[in-house]
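Beneath this line is the structure, given in structure tokens, with notes to follow.
The values are calculated or read from the model by the stated rules, or taken from the named source; none is laboratory data. None of these values were measured; they are calculated from a predicted model. Ideal geometry is used to build each Cβ from the backbone, glycine not excepted, and the neighbour counts take in all protein chains shown. Areas reflect the complete protein model, heavy atoms only, side chains present, ligands, DNA and RNA absent. Shrake-Rupley method; radii C 1.70, N 1.55, O 1.52, S 1.80 Å.
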Amino acid sequence: MTDEARAFVPGHITGFFSAHPNADDPTKAGSRGGGLTLTDGVEVTVRPSTEPAVTLNGESIEVDSVETVLRTLDAGATVEAETPLPLGAGFGVSGAMALGTALATNQVFNRKLSENELVTIAHGAEVQAGTGLGDVVAQARGGIPIRLEPGGPQHNLLDGIPARARVEYLNIGQLSTAEVLSGDTDQLSEAGKKALSRVVKEPTLASFIFASRRFAREAELLTPEVTTVIEDVIEAGGQASMAMLGETVFALGTGLTDAGYDASVCATHPAGAMLK
């Protein structure tokens, strides 16, 4: 056992997805879709403790997926997460906390599990919590991942768009991932399948952003505020869409800046989650 371990997990913006639940096995549940992993991410520090606690940016918080990971690994620990990304806004923060906790806890408590085993634990915990279906496997891969099959590492199939990009984002508000995923997802999933088909045929950033914007419209997830910002970016000559699932607009290049918005700036992350 060591005193502490740290992990970095990139943020993840999902552009489009289809939901594939599995009531019997959460590690087989998940989503197909595409997204961007970000250099803005979550740093997780795990320390052994007889009084387990979880904090995010210095404030106490309950994160079901993190607690499930700790129980699965039979570890009493404090988990401290730091991130510039807002929670509940479509950046995969809860998934990042679960995955970072799995990686760091394995190191601290010498559990001797493989990367795929840890990703499976974190993915299953995230699915059980109802806070995400594909963030964890995407964050483990990095880059611009395309999720061709749902589930954890033993079940999914990942590809990616071979590119890098500057990414700007503007958070307007929050959306409940659990609320959307617990409702009727048939229309959403049909739109997600079409978007995935387009990007598989043309795996480029231009195709990705177009498919993402069309998905958001066809899935009827756009809010008036998000629609206004996206239209402003397009009018300024840029490309933008909505982060799933959050009231957040993301753009490639300088799209939001050119449209006059004070956006946060990062880039796609070339690698997946890692110990520091």
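When you work out D = kT/(6 pi eta Rh) for segment 107-151 at 10 °C and 1.306 mPa s, using the Kirkwood radius from C-alpha pairs as Rh and the Stokes-Einstein form, the result is 138 µm²/s.
On the protein heavy atoms, probe 1.4 angstrom, tell me the percent of accessible surface of the chain carried by carbon and sulfur. Summing carbon and sulfur atoms, their accessible area is 46 percent of the total for the chain.
Computed with a 1.4 Å probe over protein heavy atoms only, the accessible area of LYS276 comes to about 150 Å². With only Cα atoms counted, segment 66-192 has Rg and Dmax values of 15.3, 45 Å. With helices as the sole contributors, the chain gives -10500 deg cm²/dmol at 222 nm; each DSSP H run of n ≥ 4 counts as -39500 (n - 2.57), and the sum is divided by every residue. Summing charges over neighbours of GLY143, with a neighbour being any other residue whose Cβ is under 13 Å away from its Cβ, gives +2 when K and R count +1 and D and E count -1. When you restrict to C-alpha pairs under 8 Å that are six or more residues apart and normalise by the size of segment 222-276, the relative contact order lands at 27 percent. Enclosing the Cα atoms of the chain in their convex hull gives a volume equal to 110 cubic angstrom per residue. Contact order, relative form, for segment 183-276: 19 percent (alpha carbon pairs under 8 Å, 6 or more residues apart, mean separation divided by residue count).
Within the shell of other residues whose beta carbon sits under 11 angstrom from the beta carbon of GLY90, the net charge comes to -2, with Lys and Arg scored +1 and Asp and Glu -1. Start at zero, step by 10 Å, and the Cα-Cα distances of segment 4-59 spread as 18, 30, 34, 18, 0 percent across the bins.
In whole angstrom, how far apart do the alpha carbon centroids of segment 66-92 and segment 93-136 sit? Using only Cα atoms, the two centres lie 9 Å from each other.
Placing unit charges on each Cβ (+1 for Lys and Arg, -1 for Asp and Glu) gives the chain a dipole about its Cα centre, and among ALA219, LEU196, VAL265 the Cα reaching farthest toward its positive end belongs to LEU196. Residues whose amide H falls under 5 Å from that of LEU158, counting only those 5 or more places apart or on a different chain, are LEU148, with hydrogens built in the peptide plane. Relative to its Kirkwood radius, the Cα radius of gyration of segment 1-107 gives an Rg/Rh of 0.99. Counting Lys and Arg as +1 and Asp and Glu as -1, what is the net charge of the other residues whose Cβ lies under 13 Å from the Cβ of GLY130? So the environment of GLY130 carries a net charge of -4.
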